[in-house]
Structure formats: C-alpha cells, structure tokens
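Take a look at the structure below.
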C-alpha cells in the first residue's frame, strides 16, 4: 500500500491542507464537550453565573467581604470596583471593564463561601463543614464589624484550617450561590442572566458545529478529488504497462485478471485513500486530544479509557488476524469469476450449438458460490465487531456514570463534568472505532495495491535498447533470419529451431506447415511480439532488438489470424494505422481487399458503425477490413498470418491478384493453411516441428519436399496441382 502513495506526490499540497483542516476540526470537536459542561454546570446549576467575580454588588456586602481579606486583596478589590448606582438607599458598585475576572474570582470565592455558610447557619440548623460560634442575636456581619483586626485575623486562620480539605468545586459553588443571592438582593434579574448565558453558549456551540461540518465537507471534497486523481494515475500506469506487455506477460497474468486490476483493484484503493486520509490522521489527533481533555476534567478516571482502548484493540487485532487471509482470496476469486464470465460470453455460439448451457451455468455458479462463501465469511466476522464495540462503549458509559456519581456526591465533580467526560471518552473510543473500521477495508485495499504494483513493477521483456540504431535505407523492407531459435518462457524445448531465411522486397514469401509447426510464432518475432531466444532477426539490415519499437512496428502492416475491429466507423478502423490517409486512400484499400462491394451496401458506407468486437459483420468481412487497414497503412513489410482463411477461393484469388499490383516493391510474408493461397508465391518456406524442411517455389517443392507434397495432395488432386 505504501508504494501506491508515491503517486500522491503531485497532491502533496492537498494532503497538507487536509491535515491542517483535520487539526482544526479536531480542535472544534474537542471544544464542544466543554460548552456542554458549561451549559449544565453554569447555565443550569449556577443560573448563568460563571464564577465569584460579581459584576454588581451592594456597599454593605462589599464592606463585609473586604473584612474577610488580607490588606493586599482589600486594596485590589477596592481599586477594581466603582460606584454606579443606588438601590433602596444603598450604594451599588460595579466591576470595572479592564479587571482580571479570574483573579477577582479567586480573591472573592473564599470570603463569599464563608458568608454563605454563615448565613445558612444563622437561618437554619445547617450541618455544614464550617460552623461559627456567634453571640446570641448577632449576625456574622455584625460580629465581623465589632472584631479587632487581631481577632478577625485569628478567626480567619481557624476558618482556613476547617476549609482546607473542602474541594474547590464546593467553594466555587458556594461562592456562586452567594453571588446569585446578592444579585437578587440588589434587584438584578437573575432569570435574564441565566437565559442570556444559555443562549450565548448555545449559539457558540451551533457555530462550532456548523464550522466543523463545513470543514468536514471540505476535507471529504479535497480527499475525494485527490483519490480520484490517484485512481486516474494508477489506471493510466496499469493500462500503459499492459499495452506494452508482450504476449508472455498477458498470458502469465490472464486477460480477466488484468481487467480486474485496472478496474476493481484501483477502485478499492481509491475508496480506501479517501477514508485513510480522513481517519488515519484524524483518529490519533482526536484520540490524543480527547485523553488530554479527559485528564483535565478528571484524571482519576483515566484508567477507564485505557481499559476501553485495550478491549477495542484486542477485538480489532483478533478480527484482523481472522479476516486478512480471506481478503487475499477474494481478489483471486473475482479474477476467476471474470475469467469464467468472459469465456462464456465469448463462446456463447459454441455453447448454444452444443446445447451445453446447463454445464456453463453450473460452472459460473461454482465460481460465484466460492466468491460468495468467502465474502459471507468476511462479512460475518466483521459484523461481529460492531455489537462488541457498542457493548464496550455502553459499559464504559456505565462505569463513568458510576464513578462520576461518587465524585458528585463528594463534591469533587459536577454533573456537567460527567457529561463532558462521557463525550471525551466516546470521542476517544470512536477514534479507535474508525481505525477498526479501516481495518476492514485496509486488508482488501492492501491486496489490491499489491496486485496493481505487481503489474506496474513487472519488468518489460520487450523494450527499447539504450543505444538505438537507425534502419539502413539500402536494405529497406528486407527481413532476414540468422540461426533464429525461440522457446516460450518456462517451456522445455524450442518451438522454432535454427531458422535461416531471407525475405527480400518485391518478393512474396509464404510459410506453410502442419498445425503447431511454428508458422505464426515465426512471423510474430518480426514485430517483436516475442524476442528470439537465439540468433538474430534483421529488418532493413539491423537487429530488431537495436531499433526503436515504434519505428519497427510502423514499418509493418500486420494482419492477425483473427480479424480484430474496434468500436467506431469503418473509416475509423481503416485509418487506425495511418490517420493522415484520405478517403481516396480508404477506397483504394477497400478495392484491393475486395471489401468495396459489401461496404457500399451498408448504411452509411464507410461511416457504418462497427459494434464492439465487430459482431455486426461476418468473419470474412472482418478479415477483408483487417487487410484493408494494413494496406491503407502503406508499410514496407506486409505480414499476413493466415488472414485469407475466411475467404472463398474466388475472393482469395482476386484479393491476391490486386495485392500483387501494390506490393511490387514491398516485402510480403504470408502464413497460410491452403496450398491455393501460396502456390504463386516467389518463395515458399515449409516448416515441420519448428524446423525448415524446404524452401523454394511450388514446383520445386513438389519435386523435392515430401512434407509439402503431402500437404498439397491432402488438399488438391494431382490434376488440380498440375493445372495450377
């Protein structure tokens, strides 16, 4: 999979943009639980009052609070409050705008808590942790007023000893409660404060949520474009590589497998890259950030997260170990299914002719069942993951609530903190859950990536030499075999052995022999569909391995055994070898190939649309159009690999007659099964088991080559041979 990523170099800025956006999104996502906690703790429980930094306070209350502070704090507080109004004859002071709210809160919290507990003690039989021994009928504020500085200092030291073990949350809540009561006392609308606080925090949360959503959409958009670009690159690389394959590589991989790798495998990689960039970077960010946030909320419950993560990893690793081998098998079974499907579709006429549909259906069903069985195993194994993950998540929530309830009871936590902690924990678990989801997709994509890179990294067996040589103009069209032998890869013997032969321009050289004698293999060496194993093959006096492949093949007009036409018009197919030719050239090529008559009857003539594979024309018509394509190219060398087999004798004779007129200075090589096709050739080469057993004209070979004579007599009578 890592090798595929090197093709993302052109998208490096997109990757960096995604990473940056993921950090921003993670920050926003991790901020939301804080605001949830604030709404519950501050908005609901504290009535919208955030801390002890009271914004408006009565003069009597301020004077009482100052008595509970040291001299430095007294000066600081006095300097940061200013008179703004009166309420029922009492002066009202307001906190200055430039004041440090946190510092004010830290100074005011403890005195407010003391006054809060003192007021509770005077109005009820409250059993708080702080108690005051006050004279009968005297309030705490009155007692403070009559105390000397020494007595007040001593009392505060005693109070500090009593409250040192009280959690900060209890001190803050007591202070906030006192602030709320003071607001009510001086006529401030506390309901309005609460409503405005909840609205403000709620709007901030909505803004964060919408921003995170927008960033998420942008990330997916950038990631999708980048993955599509990668898929395009991979398809191009694979297709370009396959087009350059020799027949050996195509045979080794199989056509169905090459199609699967170009389509299905690339699609698997594309799909995973989108999620990979989205999840693999995001999950660690949100996971680590969530742990840090959770520890800041309550470090004592961190072990719960550790246990949950360990449980999730155990499940993921187990499923990964079970499913991974099956993912390798899935792609091979898809190859097999494609192979069977392709064979059946291409062989439908034969299947129907032999009434063998039932057998082929069973063959397809067998391949289909194997693929389905493996897919079902994988899906069943992976479907086990989600319920287990949900069980872990719910169990973790239960433990957090149980532990949090204890914290709330002792005053160490607030309800909003528990909710925030649950959210942080869920974010952490979801991060690992996303990674576990990737573990489902990644193995298959990894297999696909390996299959893609296997094609791309396959060394070329047919390639250009580092030091290219130019063709010799004085030997234009000359083809020479010097001690040429050829053996297929992994074969035990040579299929062509020690061939010495020269085909000169202006001559027609024909090859004949029994089936499997090596005729087609021999001429496939000329355009380098294969490379000779031993000896040399020269074109225009130069070894074909030393010249540019494109230039070599540009000199050859090759017509294969099976006529191949491409989707498009007849005009497009004829111009396939030379796009610069005119309609007159096309007409001449059709005339020579004896295709004009049937083309003129087609709707649109040369603009008639050929369907995929040329299924809307007959075998003979397909062969004639293939021959016309080679003629229109006007090459130096014509190679006909049994290209007249689908033609009747009359058309065959006419075609060869017309062909002879335009190839007077060209080299023509013909492979044929019919003696009548090659009788008039300037040179006939007889092959038997990969060896040349005779070279000469028809008459010469009838006299001195038994193999040729046997082939001739098996096709024509003595009288026909003599008359010919």
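Here is how the numbers come out for the structure above:
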item	result
Residue 394-residue 345 FRET efficiency (beta carbon distance; Förster radius 51 Å; 0.05 resolution)	0.50
For the chain: span of alpha carbons on each principal axis (Å, largest first)	150, 50, 48
Hull-based mean projected area of the stretch 564-634, where the convex hull spans the alpha carbons, in square nanometres	3.9
FRET efficiency, residue 166 to residue 300 (Cβ-Cβ, R0 30 Å, nearest 0.05)	0.95
Tilt relative to the chain, helix 385-410 - C-alpha long axis, 0 to 90 degrees, to 10	10
For the chain, share of DSSP beta bridges that run antiparallel, in % to the nearest 5	60
Exposure proxy ranking, count of Cβ atoms within 10 Å, fewest first, for 344, 392	344, 392
FRET efficiency, residue 218 to residue 515 (Cβ-Cβ, R0 56 Å, nearest 0.05)	0.30
Likely footprinting exposure, 511, 598, fewest C-beta neighbours within 10 Å first	598, 511
Rough spin-label spacing in nm, given labels placed 7 Å along Cα→Cβ, for residue 561 and residue 383	4.9
Angle between the chain longest axis and helix 101-123 axis [Cα atoms, degrees, rounded to 10]	50
Label-point separation in nm, residue 536 to residue 102, each point 7 Å along Cα→Cβ	8.7
Fewest-first sequence of 471, 649 by Cβ atoms within 10 Å of each Cβ	649, 471
Between the stretch 473-521 and the stretch 246-322, the alpha-carbon center distance in angstrom	54
Highest to lowest packing among 456-469, 199-212, 545-558, scored as the average C-beta count within 10 Å	545-558, 199-212, 456-469
Theoretical ellipticity at 222 nm over the chain - DSSP helices of four or more residues, -39500 (n - 2.57) apiece, nearest 500	-20000 deg cm²/dmol
Cα long-axis angle, helix 583-592 against the chain (0 to 90 degrees, to the nearest 10)	50
Projected label distance in nm at residue 488 and residue 569, using a 7 Å step from Cα toward the beta-carbon	4.1
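FYI, it's all coordinate maths here, none of it is from the lab. On a predicted model such as this, the values are computed, not experimentally measured, just so you know. Quick reminder, even Gly has a Cβ in these numbers, built from the backbone with ideal geometry, and neighbours come from all protein chains shown.
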